[in-house]
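These notes concern the structure reproduced below.
The values are calculated or read from the model by the stated rules, or taken from the named source; none is laboratory data. These numbers come from a predicted model, not from an experiment. To get the accessible areas, we keep the full protein, side chains included, count just its heavy atoms, and leave off ligands, DNA and RNA. Shrake-Rupley method; radii C 1.70, N 1.55, O 1.52, S 1.80 Å.
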Amino acid sequence: MTSNPDRPARPRKLAAALMASALVLTPVLTTPAQAFFFGGGGRIVYDPRNHAENILSAARALEQINNQIAQIQNQAQMLMNDALNLANLPHSSLAQLQAAIGETQRLLADAQSLAFDVATIEQAFAQDYGTAAAQGDFDAMIAGARERWETSVAGFEDALRVQAGVVGNIDGARTQMDALIRESQGAVGGLQVAQAGNQLLALQSTQIADLTAAIAAQNRAEALEAARIASAEAQGRENLARFLDYGGGYSPSTVRLFGE
């Protein structure tokens, strides 16, 4: 029996073939984690599935952060708008309007003779006007007529003074109106717009009050003059009646001649 010199080499070849097969099948049998080997014994493990999940998580987190940033920006804008809406109007016409109304009230309060008072007017008409003007002697009636004439003249003077004051307030009202319109056009918030509108309404109310005062003063003067005329007519009728009053009439009596 002869020996075969190649027989010892067969086990070595078989082992080499098995190792090669194992290397070829390694990518198929391994888990998703892949190992990369470098020189020096270092190793980095890479998992594609985990990597994809990490990327998706990072994207979701970034989206949430962007949403939060947008919400914060919206809230900041809302706060800024609220601050603008609550900002006060820098211009105020209250002092000027109160001064104008006060001046008109002072002119009305300075009414001569008969003031704008119901009790005073009733007392004066009961004593000096109407049928009261036809009472008393001639001297008393003449004094009453003169007093009523002076009251009528004073009433017209008061009306003219009030009208002059109202006209004087027109320039101030125009200046305040221009200022308020400028402020309302430059208003930055709801509160400033409302305040400007309220001040414009107050200015309008002041002008209406001035107009009411002027009409009242004029009507007062005309009423006093009409009352004076009516009282003068009543006094004139009384004077005529007294002038035509001849007493009890003629009564006959015995006449004696001179020398009898």
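What does the extension gain come out to for residue 167 and residue 132, with contour length at 0.36 nm per residue minus their alpha carbon separation?
Numbers: separation 35, 0.36 × 35 = 12.60 nm, distance 3.85 nm.
Gain on stretching residue 167 to residue 132: 8.8 nm.
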Provide the gained length on full extension for the span residue 212 to residue 94, in nm with one decimal, where the gain is 0.36 nm per separating residue minus the Cα-Cα distance.
40.5 nm
So for the stretch 115-260, using the alpha carbon gyration tensor with a ≥ b ≥ c as root eigenvalues (a/c under 1.5 gives rounded; past that, a/b versus b/c decides prolate or oblate), I'd call it prolate
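Mind checking the full-extension length gain between residue 67 and residue 242? Use 0.36 nm per residue of separation minus the Cα-Cα distance, one decimal, nm.
Between residue 67 and residue 242, full extension yields an extra 52.4 nm.
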How much accessible surface does residue 128 have with a 1.4 Å probe, in Å² rounded to 10?
40
Using a 1.4 Å probe and ignoring any ligands, DNA or RNA, find the accessible area of residue 150 and quote it in Å² to the nearest 10.
90
